[in-house]
Amino acid sequence: APGAIETEGVTQYPPEALQEFHRANPMKRFGDVWDVAETTIYLVAPSSKFVTGEVITVDGGMAQHGWV
């Protein structure tokens, strides 16, 4: 379950909205495509062979702070 990922679409938000997001985000940044890709790699790797039925949130902590 990815959060705000830095893509072409994100750059279309007003600068004030981007600043507010960065201020409120515990990691102070957008995710990037590698944050999602590396999570996917984990899910197909042998190290996750006993992981089932999980939603892995890749959002830099935003869900914990009330942003969904």
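So the values come out like this:
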{"item": "Label-to-label distance, nm, for residues given as residue 32 and residue 16 (7 Å Cα→Cβ offset)", "result": "3.0 nm"}
{"item": "Amide proton proximity set for residue 4, modelled H, under 5 Å, gap of 5+", "result": "31"}
{"item": "Charge sum, other residues only, whose C-beta stays under 14 Å from residue 32's C-beta, Lys/Arg counted +1 and Asp/Glu -1", "result": "-3"}
{"item": "The chain: most fluctuating residue of 58, 36, 44 per GNM, C-alpha cutoff 10 Å", "result": "44"}
{"item": "10 Å Cβ shell holding at most 16 others, DSSP loop, GluC sites (Glu not before Pro): longest site-free stretch of the chain", "result": "9-53"}
{"item": "Nearest-ten-degree value, helix 15-24 long axis tilted from longest Cα axis of the chain", "result": "50 degrees"}
{"item": "Degrees, to the nearest 10: 33-44 long Cα axis against longest axis of the chain", "result": "20 degrees"}
{"item": "Estimated inter-spin distance, residue 49 and residue 23, nm [label 7 Å along Cα→Cβ]", "result": "4.9 nm"}
{"item": "Formal net charge of residues neighbouring residue 23 (Cβ-Cβ distance under 12 Å; K, R +1; D, E -1)", "result": "0"}
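All of the numbers you see were taken from the coordinates with simple rules; none came from a lab. Just so it is clear, the model here is predicted, and its values are computed rather than measured. So basically every Cβ, Gly included, is an ideal-geometry build from the backbone, and we count neighbours across all protein chains shown.
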